[in-house]
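These notes are about the structure you will find just below.
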Amino acid sequence: MMSSEKVLLKIDNLSAKVEEKSILKGLSLEVKPGEVHAIMGPNGAGKSTLGYVLSGREGYEVQSGSATLDGVDLLEMEAEERARAGLFLAFQYPVEIPGVSNLEFMKASVDAQREARGETSLSSAEFLRLAKAACKQVDLPLAFLKRGVNEGFSGGEKKRNELMQMLLLQPKLCILDESDSGLDIDALQVVAEGVNSQRTEDRSFIIVTHYQRLLDYIKPDYVHVLADGKIIRSGDASLALELEEQGYAWLTEKEA
Amino acid sequence: MSNWLESAVTRAETVSDWLSPKREASLALLREAKVPTRKTEAWKYTPVRAIDQVTVSTEVSASVQVESIDDLNSVDLVFINGEFDAAQSSSELPAGLTVSRLVDADDSARAWALSAFSNIKPDRHLFGLVNDVLATDGALIDVAEGVEIEQPIRIVSLLTQGAEAHTRVLVRLAERSKVAIVEQFLGNEASYNTGFAEYDVAAEAELEHYRFATQVNEALSIGGSHFNLGEKAQLNSTLIGFGSKLSRVDVDVTHAGSHAFAKMNVIYLLDGKELFDLHSTVEHAVPHGTTEENVRGIVADHAKVVFNGRIHIHRNAQKTLAELNNRNLLMSRTAEINTKPELEIYADDVRCAHGATIAELDKKALYYMQSRGLSRSQAQVMLNFGFINELVEQMPNQVLAEWLRPQLKARFAQMEVG
Ligand SMILES: Nc1ncnc2c1ncn2[C@@H]1O[C@H](COP(=O)(O)OP(=O)(O)O)[C@@H](O)[C@H]1O
Ligand SMILES: [Mg+2]
C-alpha cells in the first residue's frame, strides 16, 4: 500500500487509568493515511481501553502522553468532537438503545457530522437511500433500519450494525474492536468485504482481533502485539501467523 | 374564609339549578370532609396548601386565542376560565353527535346527564365533590347508537392569571358507537381549576380518549377522567402529564360489563420543582375483562411524581387479564419518585402482572451516541424520547402524536442531567 509521510494518528507514550487502575502504560503507535494496522494481544491487555481513551469515554483518564488525529490534539476534545473529526470506534459490545430507531439515530449522527463540517444535512429520502444500501452491504434485512438501535440484535447483528454506521459516517480513522468475534465464516466475510470496500488512500484502520482468520481477508500493513498496556512487538502480516501458532507467551516472557 | 374547602361549601350553598339534586348529595359529603394532610393516604405526598396561598377568583374573564391543532379536524369546545367561548368553538356537529352545555341542556340531555352525573366518578375524590357542587359549565356529549364519529372532539379548558374555574364533562357512548375525545388543559399562570369528566361507554362502544394535563409552572390543576365500560366496550386512553405547582389527576375505570378492554398509556415528564400526582384505579367487577396500563415517566431536577395505580379484581371477575407497569427514568438524584402499583385479587383464575422500575439515564448509551457525533444534549433528548416513544407511537391518532412530539422534545431539551 502506498503511504505518504503524513501521519493520521499519532499516539505517543500514552498512559491511562480507569478507576485508579493503570491500564495503558506508555503506548506509542503511528498510523499513516491508508494504512491498516492489526492489534492483537491477550485478554485484559488494554485493547478496548485504547479505543475508549481515543474516543473520549468518561472515566478513562489520561495520565501522560499524547494522541493527535491529523495533527490535532484528540485528548482535549469531547467525544462528539472526536467523532466529527473523523474518528470511529466499532464497539466490542455495542450499546442497545431501546425506542430510538436505527435509522433516526444514524441520520442524526450523519447530520451532526455534516453540520460540523459546514455541509447541509441530507434529505430524508437521500439518507434513506444511502442507509438501505449500507444495510444491504452488511447483509442485514432492511427491517433493521426501523428497529431500536441494537435492541435485541444478536451478537453478530450488532457487529454488522456497527459496520453499517461506519459505512454511513465515512470516518478517517476506523477502530474495529473485535468486530469479528462471534461471527460465523459468512458474517466474517461480510465484515471483511465491508472494510475492504472502504479502504482508500486516506482512510486508515486499526483492527483489534484475536484471530488470524480475519486478517486472511483484510490484509494488514502492520501487526502489533499489545500486552500489559503497551505495544511490545510490531511486524508485518506474518507476525499474525506466528502468533496464531505460538500464542503470546513467548513474547511476554521475553519482555519480562 | 379560612380555606378553599370551606369556601367551596359556602359558595355551593348558593348554587341552584337542574343539577341540584345531585349537587346536594355531594355537598353533604363535602360538609363532612376534611382538608387532606400528609396523613391522608390519597394525598400523602401531595400537599394542597398551595390552593390557599393563591389569590384566585371565578370572575376573571379574558379573551385568549387557543391554538388549534393542525390537521386534527376536531370539533372544538373551548372554555376560558370556565366560561364557554362560542367564537372559538365549533358550531357544526357531525350527524349522530349531540353536544350541549351544562347551562343550556334541554330536557332529554338533562335526563341522561342526571343519571350519569357523579355516578361514574367515585365519591372518594374530594376535589371531585368540589367540582360536583361548583361546576358552572361544561359539556354534555351524547353519541348515538351505532354511530362512528370521525372528527375527534376536543374540549379545551384554559385558565389565565388569577382565575378559578370548575368544569365538568359528561360523555355517553351508546351501544356500538365510536368517538375520540381530547381533554386539554392549558394555562401556566397562577390559577386553580378542577376538571372532571365522566364517560359512560355502553356495550361494544369504542372510546379513544386523551387527557393532556400539560399545565406547568404556577397552575394548580386537579381533575379526573372516569370511565364505566359496558360489555365488550373498548377504551384506549392516553394521558400526558407535565406537572406544575400542583397537578393531580385521578383516573377510574370500571369494567361493568364482561369482555371489556381497557388500554391506558400514561406519560409524565417533570422538570424544575414540578409536581404531578396520578392515582388510577381499575375495578374488574365482572369476568373476562382486560386491562393494560403502561405508565412511563421522566423526572428531572427537583421535581416530584406520585403514581398510585391500583387494579382491583373482584371475586367473580374470573378470566381477568390485567397488567400494570410503571417505568421511571430519574434524571437527577434530587428528583423524587413515589410509585405504588397495587394488585388486589379476589378471583382465582386470572392472569395479572404489575411492577415498577426506576432507572437512571444510561451513561453508556450517552457515550455511545456521542461517539457517533451527537452532542450530549442531542443524545439526551433522543434517549429520553426513546424511553417514551413507544407509548407515543401507540397513540391511535397519529395527527395528535405528530403534534405532541415536538412539545415533548422541547421539554426534554430543558431537562438537564443532575
Ligand atoms: N471500568 C473499569 N473498571 C476497572 N477496570 C477496568 C474497567 N474497564 C477495563 N478494566 C480493566 O482494564 C484491563 C484492560 O481491559 P480491556 O481494555 O477491556 O482489555 P482487552 O480489550 O485487551 O481485553 C482489564 O484488566 C480490565 O479488567
Ligand atoms: Mg476488549
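The values are calculated or read from the model by the stated rules, or taken from the named source; none is laboratory data. Quick caveat: nothing in here was measured; it's all calculated off a predicted structure. For neighbour counting, all protein chains shown are included, and Cβ atoms are generated from backbone atoms with ideal geometry for every residue, glycine included.
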*Residues located in the range A:99-116, provided they are among the charged types (D, E, K, R) and either touching a residue at least 60 places away in the same chain (Cβ under 8 Å) or facing chain B (nearest Cβ under 8 Å) (or both)*: A:Glu104
_Residue selected from the range A:192-212 under the condition within 16 Å of ligand 2 (Cβ to nearest atom) and part of a loop (DSSP other than H, G, I, E, B), by the criterion nearest to A:Val31 (Cα to Cα)_ = A:Thr209
*Using beta carbons and a limit of 7 Å, which pairs, at least six apart or on different chains, have the first residue in the range B:165-181 and within 12 Å of B:His209 (Cβ to Cβ) and the second one polar (S, T, N, Q) and modelled with pLDDT of 95 or more?*
B:Ala180/B:Asn397
*Check A:Ala116, A:Ala112, A:Ala108, A:Ala134 and return the single one that is more than 17 Å from the chain's Cα centre (by Cα) and surrounded by fewer than 18 Cβ atoms within 10 Å (Cβ to Cβ).*
A:Ala116
_Taking the condition of being surrounded by fewer than 21 Cβ atoms within 10 Å (Cβ to Cβ), in contact (Cβ under 8 Å) with a residue 60 or more places away in the chain and within 16 Å of ligand 2 (Cβ to nearest atom), how many residues in the range A:18-48 meet it?_
2
_Which residue is farthest from ligand 2 (Cβ to nearest atom), if the candidates are limited to the range A:159-180 and must be farther than 14 Å from A:Gly194 by Cβ and buried (at least 22 other Cβ atoms within 10 Å of the Cβ)?_
A:Leu173
_Residues satisfying the stated conditions in the range B:114-142, i.e. at pLDDT below 95 and hydrophobic (A, V, I, L, M, F, W, C)_ = B:Leu114, B:Ala116
*Determine if the range A:178-187 includes at least one residue that is farther than 24 Å from A:Tyr60 by Cα, more than 16 Å from ligand 1 (Cβ to nearest atom), at pLDDT below 95 and assigned to a loop (DSSP other than H, G, I, E, B).*
yes
*Mind checking which residues of the range A:213-224 are in a strand (DSSP E or B) and within 16 Å of ligand 2 (Cβ to nearest atom)?*
A:His224
*Hey, can you tell me all the residues within the range A:58-92 that are within 9 Å of chain B (Cβ to nearest Cβ) and either hydrophobic (A, V, I, L, M, F, W, C) or in contact with a His (Cβ under 8 Å, 6 or more places away or on another chain) (or both)?*
A:Ala79, A:Ala83, A:Leu87, A:Phe88, A:Leu89, A:Phe91
_Name the residue that is nearest to A:Tyr52 (Cα to Cα), counting only residues in the range B:366-410 that are more than 7 Å from chain A (Cβ to nearest Cβ) and not in a helix (DSSP H, G or I)._
B:Gln394
*Residue within the range B:321-336 that is within 14 Å of chain A (Cβ to nearest Cβ), charged (D, E, K, R) and either crowded, with 17+ Cβ neighbours inside 10 Å or assigned to a strand (DSSP E or B) (or both) present*: yes
*Tell me the strands (runs of 3 or more DSSP E) entirely within the range B:153-215 that contain at least 3 residues that are aromatic (Phe, Trp, Tyr).*
B:191-201
_Residue count, the range B:52-106 (criterion: among the hydrophobic types (A, V, I, L, M, F, W, C) and farther than 23 Å from B:Ala219 by Cβ)_ = 10
_Can you tell me how many residues within the range A:138-177 are within 14 Å of another protein chain (Cβ to nearest Cβ) and part of a loop (DSSP other than H, G, I, E, B)?_
8
*asked:* Give me the residue from the range B:46-62 that is in contact with an Asp or Glu (Cβ under 8 Å, 6 or more places away or on another chain) and exposed (fewer than 14 other Cβ atoms within 10 Å of the Cβ) and, out of that set, nearest to B:Asn193 (Cα to Cα).
replied: B:Ser57
*Would you confirm whether any residue within the range A:234-253 is buried (at least 19 other Cβ atoms within 10 Å of the Cβ), in a helix (DSSP H, G or I) and small (Gly, Ala, Ser)?*
yes
*Name every residue in the range A:197-256 that is farther than 24 Å from A:Ala90 by Cα and among the polar types (S, T, N, Q), in order of residue number.*
A:Ser238, A:Gln246, A:Thr252
*Using the structure shown, decide if A:Glu96 is at pLDDT 95 or above, within 14 Å of another protein chain (Cβ to nearest Cβ) and under 20 Å from A:Leu167 (Cα atoms).*
yes
